[in-house]
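Below is one structure, written out as structure tokens, with a few remarks after it.
The values are calculated or read from the model by the stated rules, or taken from the named source; none is laboratory data. All of these numbers come straight from a predicted model, not from anything done at the bench. No Cβ is skipped: glycine too gets one built from the backbone with ideal geometry, and neighbour counts run over all protein chains shown.
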Amino acid sequence: MRLPKLLTATAVALALAAPAAAQTAPDLERSAANVKAHVEFLASDLLQGRETGSPGYDIAANYVASQFALLGLKPAGDKGSYFQQVPMVAFRAADKGEFVVRAKDGSASPLAFGEEVLLGRNAGAADHKVSAPLVFAGYGVVAPEKKHDDYKGLNAKGKIVVVLSGGPPGFQTEERAYYGNARTKRMAAAKAGAVGVIFLSTPKDELRRPFAEGARSWQAWAMTWRKPDGTAFDVAPGTPGLGSISVKGAEKLFAGAPKTFAQVIAEADKPKGVVPRFPLATAMDVTLRTEMKVIQSANVAGLLEGSDPKLKDEVIVLSAHLDHIGITPPLNGDEINNGALDNAGGIATTLEVARAFQESGQKPKRSLLFLAVTAEEKGLLGAEYFARNPTVAGPMVANVNLDMPILTYDFLDVVAFGAERSSLGPAVQRAAQRMGVSLSADPMPEEGLFTRSDHFRFVEVGVPSTFLMTGFQNGGEAKFRGFLKDCYHKPCDDLGQGIDYAAGAKFARINYEIARELADADQRPLWNKGDFFAGKFAPKQTIAD
């Protein structure tokens, strides 16, 4: 991070905010004005979409650090600063690569970029070539607790494994999302001895997002963090994700196979979703050429120390991601992805929660860590680095994460993804009730959102966590789905969306109530006994009896 060069940006940030007079409860009108000021700065063109590792992101990080200082939060980063430096390597395709399907008779069928194939990314080597037979492994899922093993009886050693996107339909939705994640599938493939993974898009995927749209960002930088020895962190370095294949391209892979791709999809779409698995009659030659660069970005951390001598060492983490996707090829003449809702709104909410605590006149019993993380858009990297390398000494006992609240309507309910898996659920319920807001169940269980934002990296180190968003009542569903369809990860996620800053103030107040509930409770949050993710990741002492 180029902090010394950004003193002017810090000065601008300091000038934008002035300490407010202390009060017992936040003034919602003033809070709305604060949310507006934060969002307008963070989503301005000056920051160029806050791409991780860019000057625009660094300006945003300095802005948040200045706000933490104004709020009286203690620096909780490296070396007495607000910044935890995250060493990373960025990598992207140097060209469109080569994917050639070879039949048993030796005939070759190249796959057309953007129409039939999109490139995977490999941080391990600038040039990567692999030629190997193909084997179809269904969903590519190994779930012992469900007695499901897509590799049972299948020889994948030395092969390129071909897998469907998603996971078995009979799995609980969040558990299916965990097993359906490309990272989890690569680990399973590596354990089976595969030399690479190809991911197949399905007709349902095509309806949700046309395959060709992925070509728009094919040269976007992917990232991972660097280990102490300087090498790139990768869960399965010998088994890279080689690429994604469209429905049209999949038909070439399945030429001469025991079942056609259409037949496989028909089986996958049945309620039990038992997908046949078999060696394919084809092989594939893949050539990937990768451009790499070493970069550094920073998480921003500020601590409000607890007041209770026994409880203050326990830390509640309130997180939101500060980065967005930067500059991409223009849409309607605009190339800057400002990220107003995703996630300037979440950062603004987090800052308002900190202000509410400082102005409440009552310090929390447990300590609160306000954490703005980098590289969420690159695979939850900043959160993962912090969760594995925390800058706080005490145990992290809960994480409440804010990502992309849709603040364009007066919401009447909130959704707390994953809260029902731990004692966070009742705490969120009580906090929402105090604000006259209802707590709704996950309205989109098929999306598996519990596994898809920064809080999940805390789950993976055993911390009870939840991800809060505005709900679907009072027109919220139309607002949410409309945003996903029209402006998610596009330049129109800007200040012209009709943002309701009063809704932002209301959302901040609810998050204050949740944090207060957790910080002052007699007992730390605990996972529910028998919970799937607790069984995967949590130490025994964090699980309820």
Condition set outside any helix (DSSP H, G or I) and of a type in the set (A, V, I, L, M, F, W, C), scope segment 181-203, selection surrounded by the fewest Cβ atoms within 10 Å (Cβ to Cβ): answer is VAL195
Taking segment 202-231 and the residues there that are small (Gly, Ala, Ser) and out of contact with any Lys or Arg (no Cβ under 9 Å at 6 or more places or on another chain), the one that is farthest from PRO330 (Cα to Cα) would be GLY230
task = Tell me, please, whether a residue that is under 17 Å from the mean Cα position of the chain (by Cα), surrounded by 21 or more Cβ atoms within 10 Å (Cβ to Cβ), touching a residue at least 24 places away in the same chain (Cβ under 8 Å) and assigned to a loop (DSSP other than H, G, I, E, B) can be found in segment 429-447.
result = no
Matching residues in segment 88-140 (under 26 Å from LYS152 (Cβ atoms) and not in a strand (DSSP E or B)) number 6
Going through segment 319-334 in order, the residues found to be closer than 16 Å to THR374 by Cβ and either crowded, with 24+ Cβ neighbours inside 10 Å or at pLDDT below 95 (or both) are SER319, ALA320, HIS321, LEU322, ASP323, HIS324
Counting only residues in segment 353-371 that are touching a Ser or Thr at 6+ places or on another chain (Cβ under 7 Å) and buried (at least 24 other Cβ atoms within 10 Å of the Cβ), the one farthest from ASN337 (Cα to Cα) is identified as PHE370
Is it the case that some residue within segment 217-234 is in a loop (DSSP other than H, G, I, E, B), of a type in the set (Gly, Ala, Ser) and modelled with pLDDT under 95?
yes
From the option list VAL101, VAL117, VAL135, VAL130, single residue qualifying as touching a residue at least 60 places away in the same chain (Cβ under 8 Å), in the same structural domain as ARG183 (by TED's automatic domain parsing) and surrounded by fewer than 18 Cβ atoms within 10 Å (Cβ to Cβ) is VAL130
With criteria (1) surrounded by 14 or more Cβ atoms within 10 Å (Cβ to Cβ); (2) assigned to a loop (DSSP other than H, G, I, E, B), GLY238 comes up short on (1)
